[in-house]
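In what follows, a structure is listed as structure tokens, so that the remarks can point back to it.
The values are calculated or read from the model by the stated rules, or taken from the named source; none is laboratory data. Because the structure is a prediction, the values reported are computed rather than measured. Virtual Cβ from ideal backbone geometry, glycine too; neighbours counted across all protein chains shown. Heads up: the accessible areas ignore ligands, DNA and RNA and are worked out on the full protein's heavy atoms, side chains in. Shrake-Rupley method; radii C 1.70, N 1.55, O 1.52, S 1.80 Å.
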Amino acid sequence: MKLRSLHICLALLALVPAMLPAAERTVAAAEPGSVAFAGSSAVSTTLLEARDPPPASTAEAATGGEHYWLRPGNGVRLAFDLDSLPAGLSAAQMRRCVLRVVASEVRYVREHEAVAAVVELAVRRVGETRPLAALRDLRPDRPVSLNPDNGRLCEAVAEAAAAPARRLELELYTATARASSLLHGRAPAEDTIRHASSAPRLVIQYAPDAVAAAAATGWHQPQHDAGHSGRGDSNPAHGPSGFELQALPLPAVGEDAGPGVLAERPLLWRDQVIAVLKRGKRNFLVVLDGMGALLWSSEIGGGVVQRAPVIGPQGLLYLVTEDAVRAWDLEARGALRHRFVLPELAPQMPVRLAPFTKPTVGEDGSLYLVLGDGVDGVLGLDARLRPFLFFGLHEDAGTITPGSPALSIDGRYVAVPNGEGAVLIDLHDPAEAERLAFGDGAAVSGWRHHLPVAGMRAGEWIFSGYDAEDGTGTVWAFAGRAPRWQASGGTSTQPVLAPDGRVCFVQDGTLNVRGFGPGDAGRRFGDGLCASSNPVMDGAGNLFFWCSGTLHGFAPDGRALFAGQRFADGPEENLALALGADGSLWTANANGGELFVFRPRFSPPPAPPAARHQRR
């Protein structure tokens, strides 16, 4: 029998509200002067069905794995490779293990036989009879099924991950009499995006290893981490008294050793500077040491670079060109590891990213993009660039361009500002999304969003942006579904999250520092300030930003570290800053031929008043 999906529209179960304060951002203990790590309290990684499992059911043989036929005595076998999980991950470190499947048809009528309208599901390891967990019933009006609690599933994951094969084989089965359902399998090759969220998945939420994460120092994406905290690894004993500017010419690349220009701004990985150069239609990956000397370079094909690259924790550099997303291995001198071809709107017309949006890479190496050109949705790719998430935004966007994605502190939610609010997509069950309303001062046509910032507790978010036409801007703080406060006025900068959980941004000529308390008015510092870069912060809470030739620095207490330092021969007005582990600030002009580094200058800290009195 040839099985086909009926593709009927079914209402999906709304997500459980997740806006309760929970885990806090963890910071590895670090002495002043060492490297501090500000990471997530948890990571959620989505494991897709392995590409080469044994036949899952008779339906797989008939459909090539695009649909599975579930009925009594005919279970569905699913296999998951666990290689992407950290070595030594124990069940105690796992907070939640979720197996999720979606039915394209719950009541699949076979040979005119009446079938059950409600299908009970459970899962066990292949070859065993004892269930690992019960799943939510499948219903015609609720075709999404997942296990509401861990059961013994996390134990099975940990046991399989510790085995040499690192592979978990599960069987989904039902004991419901006359049950018959078609389950979505692997997405069809011609439409991997639209069906990405329906593929069977195993989602593992776990506590990360802070020591291993701290070892991967650098500035891997526009605001350092997946929550866009803007806070780097440097943790000085006291703030710098100023900076010295150094211009570093880009190295010659290619067989003929010719000059190139930057395709995008530089990133920092460990103690190395990573840049993508272009020469005509050719792109080169260039890796420099901290003094600007060339370590190695590699040609990485052609194509127009759409956005600045990002670097995953495994050392993969993800680069979006006009036709594809590619992963280049920094551990292997730029070897190409994975590729995802962007879908085409028409022959040789691939979809582009939504204007002004930037890719975001998760703590597990997953990549999140916001697509435009009428596709208008959030696309999630795993570390191997396989689609596992697509959530359409077209119904919410209206005439407002959506913003970039960010991941919550607990690694479970993807937030995207959009229209008059933001959407929060649950990675454990990406069926629908919660919606947060901005209310007064909501985004209007011509609005440009800054990167969202995840707070230190689950449910805390900062959204912000500005009107490119009239120069006004707003910052919104959320804790749960309720907005805590909003700051409306002139154009605001990208917000930054301080180590104590407060939010810092420049607006109306002052540095604003506010908490998440209801109506928190915060404090203001400075006067006549402006910013034409993203603010960045070190692990000690010192804040730095650029304003049209002048570099500003503020201590955690709001005190100016130094008078605004003017650089007559400095870089251009609008900059993207990256903070190194030694406190250096790296940047470059757009399409420039050189890098700029501001190296910190440290003076001995002033003695306490009592100590000065004793010396006298």
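Note on the stretch 505-582: with charges restricted to the Cβ of Lys and Arg (+1) and Asp and Glu (-1), its dipole about the Cα centre is near 260 debye.
By accessible area, using a 1.4 Å probe on protein heavy atoms only, the chain has 51% of its surface on carbon and sulfur. Entry comment: accessible area of the chain is 40 Å² per residue, from protein heavy atoms only and a probe of 1.4 Å.
Suppose R0 equals 25 Å. What FRET efficiency, 1/(1 + (r/R0)^6) with r the Cβ-Cβ distance, do D520 and E469 give to the nearest 0.05?
On the way: r = 30 Å, r/R0 = 1.18.
Given R0 = 25 Å and the Cβ-Cβ separation, E is 0.25.
Considering only alpha-carbon pairs that sit under 8 angstrom and 6 or more positions apart, the relative contact order computed for the stretch 217-601 is 17 percent.
Net charge around C547, counting only other residues with Cβ within less than 15 Å of its Cβ (Lys, Arg = +1; Asp, Glu = -1)? Don't jump to the answer; show the numbers that get you there.
Details: positive: R566; negative: D508, D527, E572, E573.
Here the charged neighbours net out to -3.
For the chain, the mean residue ellipticity at 222 nm estimated from helices alone is -1500 deg cm²/dmol, where every DSSP H run of n ≥ 4 contributes -39500 (n - 2.57) and the total is divided by all residues, rounded to the nearest 500.
If R0 is 35 Å, the Cβ-Cβ spacing of A560 and N591 corresponds to a FRET efficiency of close to 0.60. Which of P430, C547, V98 sits farthest toward the positive end of the charge dipole of the chain, with +1 on the Cβ of Lys and Arg and -1 on the Cβ of Asp and Glu? My answer, from the dipole projection, is V98. Once backbone amide H atoms are built at 1.01 Å from N, R201 has R100 as its partners under 5 Å, excluding neighbours fewer than 5 places away on the same chain.
Peptides 401-409, 239-247, ordered by how many other C-beta atoms sit within 10 Å of their residues on average, highest first, read 401-409, 239-247. A simple charge model with +1 on the Cβ of Lys and Arg, -1 on the Cβ of Asp and Glu and nothing else charged puts the dipole of the stretch 217-601 at about 460 debye relative to its Cα centre. For A116, the residues whose modelled amide H falls within less than 5 Å of its own, excluding neighbours fewer than 5 places apart on the same chain, are A179, S180. Multiplying the residue separation of Q348 and A114 by 0.36 nm and subtracting their alpha-carbon distance yields 79.5 nm. Here each label is just a point 7 Å from Cα along the line to Cβ, and for E322 and L294 those points are 2.7 nm apart.
Checking every one of the GluC sites (Glu not before Pro) in the stretch 103-204 against DSSP loop status and a limit of 14 other Cβ atoms within 10 Å picks out E111, E128.
Backbone geometry of the stretch 463-476 corresponds, through the Karplus equation with coefficients 6.51, -1.76 and 1.60 at θ = phi - 60°, to 3J(HN,Hα) couplings of 10, 7, x, 8, 8, 5, 8, 10, x, 8, x, 9, 10, 10 Hz, x marking Gly and Pro. Projecting the Cα atoms of S488, H450, Q272 onto the charge dipole of the chain (Cβ charges, centred on the Cα centre) puts Q272 farthest toward the positive pole. Computed over the stretch 490-532, relative contact order equals 32 percent, with contacts defined as Cα pairs under 8 Å that lie 6+ residues apart. For N147, the residues whose modelled amide H falls within less than 5 Å of its own, excluding neighbours fewer than 5 places apart on the same chain, are L99, R136.
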